[in-house]
1. Tell me, which residue of region 168-188 that is surrounded by 19 or more Cβ atoms within 10 Å (Cβ to Cβ) and at pLDDT below 90 is farthest from P252 (Cα to Cα)?
2. List pairs: first in region 126-142 and without any contact (Cβ under 8 Å) to a residue 60 or more places away in the chain and aliphatic (A, V, I, L, M), second open to solvent by 60 Å² or more (accessible area, probe 1.4 Å) and not in a helix (DSSP H, G or I), Cβ under 7 Å, 6+ apart or cross-chain?
3. Please work out which residue is nearest to R301 (Cα to Cα), limiting yourself to region 109-119 and to residues that are in contact with a helix residue (DSSP H, G or I) (Cβ under 7 Å, 6 or more places away or on another chain) and open to solvent by 20 Å² or more (accessible area, probe 1.4 Å).
4. Determine, yes or no, whether L396 is of a type in the set (A, V, I, L, M, F, W, C) and closer than 21 Å to A457 by Cβ.
5. Does region 382-394 contain any residue that is outside any helix (DSSP H, G or I), acidic (D, E) and surrounded by 22 or more Cβ atoms within 10 Å (Cβ to Cβ)?
6. Could you count how many residues in region 46-68 are modelled with pLDDT of 85 or more, open to solvent by less than 50 Å² (accessible area, probe 1.4 Å) and of a type outside the set (S, T, Y)?
7. Restricting the search to region 399-433, which residues are open to solvent by 30 Å² or more (accessible area, probe 1.4 Å) and modelled with pLDDT of 90 or more?
8. Mind listing just one residue for me: the one in region 108-167 that is acidic (D, E) and either more than 22 Å from G424 (Cα to Cα) or part of a helix (DSSP H, G or I) (or both) and, of those, farthest from the chain's Cα centre (by Cα)?
Amino acid sequence: MKHMFLLLLAFFLPNIALASDAVHETINLTDHWLGYTALAIFALAYSLVILEEKLHLRKSKPVLLAAGLIWIFIAAYYGSHGMPGAAEAAIRHNFLEYAELFFFLLVAMTYINAMLERNVFDALRDYLVAKGFTYKALFWLTGILAFFISPIADNLTTALIMCAVVLAVGKDAPKFVAISCINIVVGANAGGAFSPFGDITTLMVWQKGIVQFTEFFDLFIPSVVNFVLPAFIMQFALPAGKPGTASTQMTPIKQGGLTIVGLFILTIITAVSFHNFLHLPPVFGMMAGLAYLKFFGYYLRKVSHNKLNKLEQPISHESADVVDEYDIFDSIAKAEWDTLFFFYGVILAVGGLGFLGYLGMASEFMYGELGATTANVLVGILSAIVDNIPVMFAVLTMNPEMPHSQWLLVTLTAGVGGSLLSIGSAAGVALMGQARGYYTFFGHLKWAPVIALGYGASIYVHLLING
């Protein structure tokens with residue numbers, strides 16, 4: 001039981017290195033009432049996160065409160081012992097790490113929302129629906145697109161788009177919708193594992209400088225295996241034939257939609273260049289890329305105003321179609337703010353628990369007694385039960401001594417492990433809501449052994465070609 005407790009602590013309670021060059025003495029409080037209180041606060045908060053769907057309480061709220069309470073206790077204790085500088089340095093470092101990820105994700109979310117507003121993804125959906133593919137062809141097509149779009153966008157947005165295609169053509173075939181949704185979740189998570197932009201966990205690994213941008217592509221073949229093997233088996237359970245003809249009116253892409261796609265790709269190139277050539281954090285490249293979109297948004301507004309000035313009649317429904325206003329701050333406002341604040345709460349709360357001293361014994365047990373491979377495989381399995389963000393954040397801040405191939409392994413397992421259960425990834429949770437009644441927890445659980453087969457095979461292939 002002691003080892004099991006330490007194993008859980010290893011994932012949830014990372015120790016944060018101090019940002020300041022000055023060395024501050026820390027106090028081990030793992031056996032102190034303060035440490036136990038902080039653990040209880042975090043456990044209660046994360047229990048509420050897990051029950052989000054049942055309670056309809058957004059997941060950011062409990063972790064934000066938990067982070068504040070934990071650091072209040074830490075600051076008060078260290079202040080009473082004449083060591084306020086140690087707590088201050090630690091929380092500043094936590095916040096700096098969060099700030100880098102916050103602005104990176106905010107820019108990415110803004111671009112995705114801009115593409116949604118310009119109907120880029122709606123046009124793709126309507127095109128696929130109108131082509132009249134068979135059930136099997138749609139199963140493979142939506143899965144493959146999920147696999148290749150998620151490395152550029154993110155696994156959540158990609159899964160929602162592909163699920164919309166499946167629902168539009170397969171509402172009369174519940175079995176097709178259920179199996180296709182599972183395939184989309186697996187494909188989106190697998191595709192996000194070999195790109196820094198595919199998942200928050202891969203982004204954290206890249207920003208830490210542990211895995212370079214091009215090195216993520218070493219995970220491409222294992223990711224393909226993780227997706228293709230379960231899909232190959234699941235396809236035999238699909239219904240035969242093809243869905244009835246769906247009369248769908250094609251959604252036109254608004255002016256500048258494809259240009260915004262190009263600007264997003266240019267922004268990614270800019271972020272990579274900042275990191276590889278200028279040795280600056282990639283978030284600064286993303287912020288420069290946001291300027292591309294802001295200037296282009298200005299251009300779209302000027303074009304809209306010029307069209308408005310040329311109209312002789314007052315604005316009507318017809319003229320509103322011609323005058324296409326665009327405001328970039330609408331895209332910023334529609335970012336996933338609950339996710340961003342949840343990320344803040346997790347980093348600060350987990351960082352505070354690590355500062356209390358729980359990491360040492362847990363890290364020694366995991367990477368000392370169990371070994372790196374076993375520990376990294378368990379990372380993926382735990383990611384299916386809880387969110388992979390605190391799991392990967394814990395591993396990164398532990399910073400265990402292990403070969404580069406093992407860092408690639410934990411990047412892979414944390415990314416694809418969430419596919420084992422429907423609640424293991426943001427894509428799965430979102431699709432349970434979008435395809436309610438078709439895609440369920442137990443429907444996904446039925447195929448868990450097949451998905452686990454792909455999980456194990458991807459690990460084997462990685463160790464074979466990258467080990």
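1. A173
2. Taking only residues 6 or more apart or on different chains, the pairs are L141/F133.
3. Among residues in region 109-119 that are in contact with a helix residue (DSSP H, G or I) (Cβ under 7 Å, 6 or more places away or on another chain) and open to solvent by 20 Å² or more (accessible area, probe 1.4 Å), the one nearest to R301 (Cα to Cα) is E117.
4. Working: of a type in the set (A, V, I, L, M, F, W, C): yes; closer than 21 Å to A457 by Cβ: no.
No, not satisfied.
5. Of the residues in region 382-394, the ones outside any helix (DSSP H, G or I) are 384-387.
If we keep only those that are acidic (D, E) as well, we get 387.
Next cut, surrounded by 22 or more Cβ atoms within 10 Å (Cβ to Cβ) only: 387.
For region 382-394, residues outside any helix (DSSP H, G or I), acidic (D, E) and surrounded by 22 or more Cβ atoms within 10 Å (Cβ to Cβ): present.
6. Looking only at that region, the number is 5.
7. P403, H404, listed by residue number.
8. So in region 108-167, the residues acidic (D, E) come out as 117, 122, 126, 154.
From what's left, either more than 22 Å from G424 (Cα to Cα) or part of a helix (DSSP H, G or I) (or both): 117, 122, 126.
Numbers: E117: 21, D122: 22, D126: 26 Å.
Applying the filter and picking the extreme gives D126.
The values are calculated or read from the model by the stated rules, or taken from the named source; none is laboratory data. Computed from a predicted model, the values in this text were never measured in an experiment. For neighbour counting, all protein chains shown are included, and Cβ atoms are generated from backbone atoms with ideal geometry for every residue, glycine included. Ligands, DNA and RNA are stripped out before the accessible areas are found, and what is left, the full protein with its side chains, is counted by its heavy atoms. Shrake-Rupley method; radii C 1.70, N 1.55, O 1.52, S 1.80 Å.
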